[in-house]
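One structure below.
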Amino acid sequence: MKIPLSKRLLCCARYVNPGERIADVGCDHGYLGIYLLKNGIANSVIAADINEGPLHSAFANAGKYGVREQMSFYLSDGAKNIPREFDCLICAGMGALTIISILEAAPWLKDSKYRLILQCQSKTPLLRQFLSDNGYRISGETIVRDGKFLYTVMDVHWEPGLILSPGQCCVSPALLQAHQPELPEYCHRIIKGLRQAVQGRGEDAVPFKAAALQELTQSAQFISLMEEHHDNC
């Protein structure tokens, strides 16, 4: 049986190291954890969700695919009620504010023994800024096209010291270094959104967005990516 996994979750799966113990917070129907186990990638999976319905579905699906013995299931608001015996925590399919609230409620994740895989649905620059301000480093980031939308998946670990600028919160150094085919389009969308936000607010423009726009539009690398996008249109 084929496991129904979105492109976003498949990208998350590619960041998992073989043999890791996974905590999938906000597991929904459990398909990511099931995929990781069925393909021999993860050693074990903690499946957690704040709602009983999805968690019951994840339990049933784990039995259906024959991996229930390698999974444990927890009704939990974020990471509050799960065991801490895991290597990598995954939060996927949530907005920045939700992911931030989960991380704020679990300060014990600020430890080099843990790794985070984060897939944000909205306000991604806000999440990058939070990570930077709280000692987390984005060591890898991948753009994922899902329908007409472009999302990213981040590989994050605890390493205080590197502070991102406003422009880097909009397009991380890890994302620029990867230089995927979708990067010029992603950058174009970022610039378009920043310009609309700044122009719409006039003198009351959000200082962070105004600073990010100025930084990015003055970056030679960013200008090159914007020209590349224009050439491909």
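Just a few scattered comments:
- Once the Cβ-Cβ distance of E159 and Q218 is raised to the sixth power relative to R0 = 35 Å, the FRET efficiency obtained is 0.80.
- Listed by chain and number, the aspartates and glutamates whose C-alpha is less than 13 Å from the C-alpha of K7, apart from same-chain residues fewer than 8 away, are D146.
- Spacing of the modelled spin labels on Q177 and Q70, each 7 Å from Cα toward Cβ, amounts to 3.1 nm.
- GNM result for the chain, Cα springs below 10 Å: residue of T217, T98, T152 fluctuating most strongly: T217
- Calculation over all alpha carbon pairs of region 37-76 in 10 angstrom steps from 0 returns a P(r) of 32, 55, 13 percent.
- Of the options [x] 27, 21, 18; [y] 60, 16, 14; [z] 34, 19, 16, only one is semi-axes √(5λ) of the Cα gyration tensor in Å as computed from these coordinates, and that is [z].
- Proximal lysine pairs, region 78-222, alpha carbons under 19 Å, eight or more residues apart or interchain: 7
Read-outs throughout are calculated quantities, based only on the coordinates presented, and are distinct from any laboratory measurement. Computed from a prediction, not measured in an experiment: that's the story for all the values here. So basically every Cβ, Gly included, is an ideal-geometry build from the backbone, and we count neighbours across all protein chains shown.
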